[in-house]
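Chemist: Next up is a structure, given as structure tokens.
The values are calculated or read from the model by the stated rules, or taken from the named source; none is laboratory data. This is a predicted model, so every value here is computed, not measured. Reconstructed Cβ throughout: ideal geometry from the backbone, glycine too, with neighbour counts over all protein chains shown. Accessible surface is based on the protein model in full, side chains and every heavy atom, while ligands, DNA and RNA are left aside. Shrake-Rupley method; radii C 1.70, N 1.55, O 1.52, S 1.80 Å.
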Amino acid sequence: MGRNRHPEQTLEKIVDVSAELFAKKGYEQTSIQDILDATGLSKGGLYHHFKSKEEILEAVMQKRVQYVNGRFHNIIRNTEETNAKEKLKRILYQLASDMETHSLDKAITARIDPYFVVNGLQSCINQDAPIICEIIEEGIRDGSLQTTQPAFCAEVFLMLLNYWANPILFARNSAETESRLHYLRFVMCQLGLDVMDDNLIAAMLKAYD
């Protein structure tokens, strides 16, 4: 067999196909043979890139992180609104409505890796929260938001939104998730960050379903 001239493309194909299979069949129900059949690779071709199905799942998780980070920054760069509050609401809605993100979430639902969750928490606080904080500070200046400690407010909001209210981590049903999203809306209003509305909650519930 000749040398693979495009190993990066092969690796990407394995990850993309595996993510689709994990989402459709579930991680446990997807076999290495399923991945081989879908990609058309030999065992040797697959194991050249990944030693196990667990390594493939880790690559799917990393792709999710990279995709969400890229999408997040792209939306921020290209979102213009009359004030910072409306800008933040639009950013949140677009993220909640992004089906690629939720497709990758579905792919990894069956195997929540603690290492992945901790990395996500750290990224949430160290990378995402400062960006949200900047928008909140902009809202304080333009008068559309009234809150104190914008840095803490951003951290609390993202932690509760991405983790506490996330049914994937706690195996909650739709009704339980909806109750938490409405309570989160109430809490953030008390903190002066009134950016959750019915449209955002509906979009998030649809994506989780």
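Chemist: As a check on your grasp of the helix formula, calculate [θ] at 222 nm for the chain: sum -39500 (n - 2.57) over DSSP H runs of n ≥ 4, divide by the residue count, round to the nearest 500. Kindly include the intermediate steps, with their values, before the conclusion.
Modeler: Numbers: 12 runs with 146 residues, N = 209.
Helix contribution divided over all residues of the chain: -22000 deg cm²/dmol.
Chemist: Based on alpha-carbon centroids, what's the gap between segment 162-209 and segment 134-158 in Å, whole number please?
Modeler: First find each Cα centre; the distance between them is then 19 Å.
Chemist: Output wanted: per-residue J couplings in Hz (rounded whole) for segment 78-83, from phi through Karplus 6.51 cos²θ - 1.76 cosθ + 1.60, θ = phi - 60°, x for Gly and Pro.
Modeler: For segment 78-83, the Karplus curve yields 10, 9, 10, 9, 5, 8 Hz.
Chemist: Over segment 130-209, with the other protein chains present, what is the accessible area per residue in square angstrom, probe 1.4 angstrom?
Modeler: On the way: 4180 Å² over 80 residues.
Here the per-residue accessible area is 52 Å².
Chemist: By how many degrees, 0 to 90 and rounded to 10, does the Cα axis of helix 198-208 deviate from the longest principal axis of the chain?
Modeler: 20
Chemist: Size of the dipole of segment 13-94 about the Cα centre, Lys and Arg at +1 and Asp and Glu at -1 on the beta carbon, nothing else charged, in debye to 20?
Modeler: Dipole magnitude for segment 13-94 comes out near 280 debye.
Chemist: For the chain, what % of the accessible area comes from carbon and sulfur atoms, probe 1.4 Å? Please list the in-between numbers first.
Modeler: Working: 5930 of 11720 Å².
Carbon-and-sulfur percentage of accessible area, whole number: 51.
Chemist: Any lysines with Cα under 18 Å of the LYS89 Cα? List them, leaving off those in the same chain fewer than 8 positions away.
Modeler: List returned: LYS206.
Chemist: By how many degrees, 0 to 90 and rounded to 10, does the Cα axis of helix 99-108 deviate from the longest principal axis of the chain?
Modeler: Orientation of helix 99-108: about 60 degrees from the principal axis.
Chemist: Net charge near ASP194: determine it from the other residues with C-beta under 13 Å of the C-beta of ASP194, scoring Lys and Arg +1 and Asp and Glu -1. Walk me through the numbers before you get to the answer.
Modeler: Details: positive: LYS85, LYS89, ARG185; negative: GLU86, ASP197, ASP198.
Net charge in that neighbourhood comes out at 0.
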